[in-house]
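A short worksheet on the structure shown next.
Throughout, read-outs are computed from the coordinates displayed, never taken from laboratory work. The model shown is predicted, which means the values in this text are computed figures rather than measured ones. Every residue, glycine among them, receives a Cβ derived from its backbone with ideal geometry; neighbour counts consider all protein chains shown.
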Amino acid sequence: MIASGSLQFWRSSPRGLWVLFGLYLALALAYNFVFPPFEPSDEGAHFRYVRYLIEERRFPVARSDDRSEFHQPPLYYALAAAVSWPFPAPAEELDAYAGRVNPYRAFRYWEPGLDNKNLLLHGPWDLWPFHGLSLSAHIARLASLLTGGVTVLLTYQIARALVDEQTSLAVTGLVAFNPMFLAVSASLQNDAGAAACGAVFIWLGLKFYQSGFTVRRAGVLGLALGLGVLMKITVGLLIVPAVFVVGAWGRARRQPLPRIVGYLALMGAAAAVTGGWWYLRNQFLYGEPTALGVNFEAYGGRSIVAGVAVWWQALPYAWSTFWGRFGHTDVVLPDWIYLTLGVITLLALLGLVFRILKSGEADSTLMAFLILAGVSEFAGLMGYLTLSPSGYMGRYTFPALPAYMTLFVFGLLGLVPLRAHWFFLKALLVAMLFFPVWTFVAYLLPVYTPPPALPALPPEATPLEATLGDVAVLKGYKVSADHARPGDRVYVTLYWRPLDRTERPYSVFIHLFDRDGTLVAQRDTYPGLGRNPTTAWTPGRMFADDYLVVIPETAFAPTAAHWDVGLWQADTGDRAFVLDPSGQPAAAEVSFGDLAILPRPGSTPNPVDLNFGDALRLTGYSLPTRVLKPGQPFDLTVYWQPTAGTSRRYLFFVHVADAGGNLLANNAFEVRGGEQTVQVLLSPDAPPGVYSLIFGVFYDDAQAGQVRLKILAADGHEVSDEVRLTGVRVVAP
């Protein structure tokens with residue numbers, strides 16, 4: 001399955017390649033169509049750059065107080081501007097998007113699903129047929145489609161330097177049908193342009209190595225590098241493999257060292273002439289050529305030591321964003337997908353090593369060139385994520401994507417019997433085509449599509465018929481369980497029939513109150529889980545919302561609770577009151593249903609497992625009462641798991657706080673270990689209401705003062721430095 005003999009500079013493209021290319025275009029256009037404006041990562045900032053070029057007709061200047069993409073090289077944005085300049089984007093429309101930010105975005109962002117994955121609120125202004133700013137954004141994305149197409153076509157040519165036609169088609173399919181590459185090709189992001197420049201550069205390096213370097217070809221390679229660094233600075237990392245391939249060619253052809261140095265000097269000079277002017281401009285503007293300094297000031301940088309400390313967290317994130325993590329990284333696939341791809345990649349690496357060690361399997365220099373290209377881009381990613389908290393994106397390595405996929409398929413074939421190669425390649429290609437189609441249908445389309453209309457209330461729902469102002473009628477509800485334990489997930493389904501579209505968006509609130517009148521759990525979101533805001537409602541179009549409510553692991557049990565739901569405006573606090581039959585306000589919420597909160601099994605009351613900095617573990621707590629009067633002291637018993645001896649003196653704090661963080665009790669006690677009962681003092685001025693009991697651990701440091709211990713999750717990442725144990729209610733004396 002290995003190509004042999006002298007290869008042409010450009011091989012004629014087989015019919016299969018054009019089939020793959022057509023499928024790539026269709027999928028990328030579908031992704032483009034379903035992504036609303038500014039939902040792809042950083043697209044709003046990229047769009048601002050494009051519009052600046054169109055409207056100001058000059059290059060923008062980055063500022064440390066503006067989180068923009070103005071530090072980026074201009075070639076991609078010039079291409080996008082050339083594509084989209086006939087389609088205006090009114091400034092008032094751009095300002096309107098700034099006011100449509102979804103405050104509930106990132107709810108349990110690590111989980112697959114469609115719950116508040118959108119950065120912005122969308123409505124008729126974004127729907128087909130596109131117009132105004134929406135049309136301009138969709139058209140500008142075609143710059144990515146074009147450059148992505150270049151990457152796909154060149155991937156086949158690159159693969160043919162090592163493998164035969166069928167294998168090259170499989171490699172091309174792995175690039176074309178990578179869901180993340182398709183998403184980049186369907187978005188306004190310069191990573192698509194960087195991938196194209198990387199593909200051009202790798203292709204030229206391979207071909208010139210095979211056919212021989214000349215003065216002209218060294219200049220062309222330098223020209224490609226110069227254009228690449230005008231597209232994105234990451235393409236410049238390929239200078240290392242370029243030097244290698246020129247040097248390897250010279251050694252293989254026994255060229256004198258001065259000639260090799262001359263080719264390298266000419267390549268560097270051509271790159272400097274083509275792209276160096278931009279970096280010289282940066283030197284004058286920012287005091288350094290890359291403009292990364294001003295970017296770090298805007299987004300926040302960190303020390304090398306601090307960056308290395310998060311590698312364990314950054315690498316899995318980069319891995320997921322290489323294959324498919326969409327939107328503003330909230331639209332994720334199931335973990336088993338990333339794990340399976342990781343296992344397959346490890347197998348490919350083993351097969352690659354096997355084939356490299358096997359004599360006669362491939363041109364070792366060409367293999368080394370592709371490996372070096374991949375390593376160079378990966379090293380650049382590691383360097384950037386070490387210094388910048390915004391540098392975790394695996395797509396930053398896309399300039400080496402054709403090299404990665406060529407080595408990937410080449411390595412996998414090393415583990416497959418020769419007689420099964422044809423079948424394996426076909427299966428691999430079919431599986432890879434299924435991957436983005438399944439991703440589109442199961443994860444992307446639902447996230448950016450409003451919930452479907454319901455013709456009538458389903459029979460499993462409990463009717464309500466509660467009218468909330470002039471906004472909506474709550475037709476009914478359904479709850480997934482009648483009992484739960486702390487840590488359990490409960491789904492509350494509400495059936496809404498909109499009455500009218502509102503000028504300001506209303507939020508849905510779901511509160512779970514126990515028999516003591518204290519808050520057990522709550523959930524706030526825009527209707528449609530962010531996908532159907534009241535500002536975009538269609539009157540009379542009934543729909544169902546499934547709201548996930550997680551019972552806190554620290555919730556007090558046993559107790560009985562009931563549900564309250566309603567509509568309110570988060571910015572003003574105004575509510576859509578429940579109306580009585582005469583149309584007068586009767587209540588601020590709709591109450592329904594009962595939920596029994598059962599205790600979790602354990603040896604302590606209200607068992608929990610809170611790891612405070614690997615130094616202390618809280619295993620439970622108990623309260624004799626949670627209904628208090630102002631100034632009344634109350635007992636709190638906490639249960640500590642024995643820990644290794646330490647000379648440090650730890651204390652824990654107990655706060656009673658309102659929703660705004662104002663403290664009605666501020667108490668601190670030394671940790672004694674085992675079962676420990678303390679008396680908490682409540683302010684005598686505490687007004688009646690429902691409050692939270694907040695708990696945390698700290699120690700006193702001579703230099704830093706009070707240092708709180710972070711609560712660690714099971715996988716070791718830091719969660720917070722305090723926890724809400726339960727609610728308490730203050731009543732009038």
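Using only the Cα atoms, what convex hull volume per residue in Å³ does the chain have? Intermediate results must be reported in sequence, preceding the final value.
Numbers: hull volume 155.1 nm³, N = 733.
Spelled out: Cα convex hull of the chain, divided by residues, is 212 Å³.
When DSSP assigns beta bridges and you keep just the ones with both residues in the chain, what percent turn out antiparallel, to the nearest 5?
95 percent
As a quick test, which of the pairs K358/K426; K117/K475; K629/K710; K117/K478; K207/K426; K117/K710 have an alpha carbon distance above 29 angstrom in this structure?
Numbers: K358/K426 25 Å; K117/K475 26 Å; K629/K710 32 Å; K117/K478 23 Å; K207/K426 27 Å; K117/K710 27 Å.
Among K358/K426; K117/K475; K629/K710; K117/K478; K207/K426; K117/K710, the Cα-Cα distance tops 29 Å for K629/K710.
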Checklist line | the chain, helix-only ellipticity at 222 nm - DSSP H runs n ≥ 4, -39,500 (n - 2.57), divided by all residues, nearest 500 | finding: -13000 deg cm²/dmol
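So, counting K/R as plus one and D/E as minus one, what does the shell of residues with Cβ under 14 Å around G540 add up to?
Numbers: positive: K475, R497, R501, R541; negative: D470, D500.
Value of the local net charge: +2.
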Notebook entry, point to check: When only C-alpha pairs under 8 Å and at least 6 residues apart count, what is the relative contact order of the chain, in percent?
Noted result: 11 percent
Check: Over all directions, what mean area does the Cα convex hull of region 134-247 project, stated in square nanometres?
Finding: 7.6 nm²
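Taking a ≥ b ≥ c as the square roots of the Cα gyration tensor eigenvalues, with a/c under 1.5 meaning rounded and otherwise prolate when a/b beats b/c, else oblate, which class fits region 462-597?
The shape class here is prolate.
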Check: What does the charge count near W563 come to, summing +1 for each Lys or Arg and -1 for each Asp or Glu among other residues with Cβ under 12 Å from its Cβ?
Finding: -3
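Sort 375-381, 75-81 for me by packing, meaning the mean count of neighbouring Cβ atoms within 10 Å per residue, highest on top. List each step's numbers first, then the result.
Details: 375-381: 20.0, 75-81: 23.9.
Output ranking for 375-381, 75-81: 75-81, 375-381.
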Note to self: I want the local charge near R575. Using Cβ-Cβ distances under 12 Å, sum +1 for each Lys or Arg and -1 for each Asp or Glu among the other residues.
What the structure shows: -3
Margin query: I'd like to compare 386-399, 416-429: which one has the highest average count of other Cβ atoms within 10 Å, and what's the full order after that?
Written below: 386-399, 416-429
Next item on the list: Whole Å is fine, so just give me how far the alpha carbon centre of region 216-291 lies from that of region 195-213.
Entry: 13 Å
Note to self: Cross-link candidates for K232: which aspartates and glutamates have Cα within less than 13 Å, leaving aside residues fewer than 8 places away along the same chain?
What the structure shows: E69, D191, E377
Next item on the list: Can you work out the PRE-style zone for A704? Point 7 Å along Cα to Cβ, and I want the residues of region 281-312 with backbone N under 19 Å.
Entry: 302-311
Checklist line | Per-peptide average of other Cβ atoms within 10 Å, ordering 406-415, 495-504, 702-711 highest first | finding: 406-415, 495-504, 702-711
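Distances longer than 23 Å among the Cα atoms of region 610-730: what percent of all pairs is that?
Values: 2287 of 7260 pairs.
For region 610-730, the fraction of Cα-Cα distances above 23 Å is 32 percent.
Taking R0 as 45 Å, what's the FRET efficiency between A668 and E92 from their Cβ-Cβ distance, rounded to 0.05? Walk me through the numbers before you get to the answer.
Working: r = 53 Å, r/R0 = 1.17.
The formula returns an efficiency of 0.30 here.
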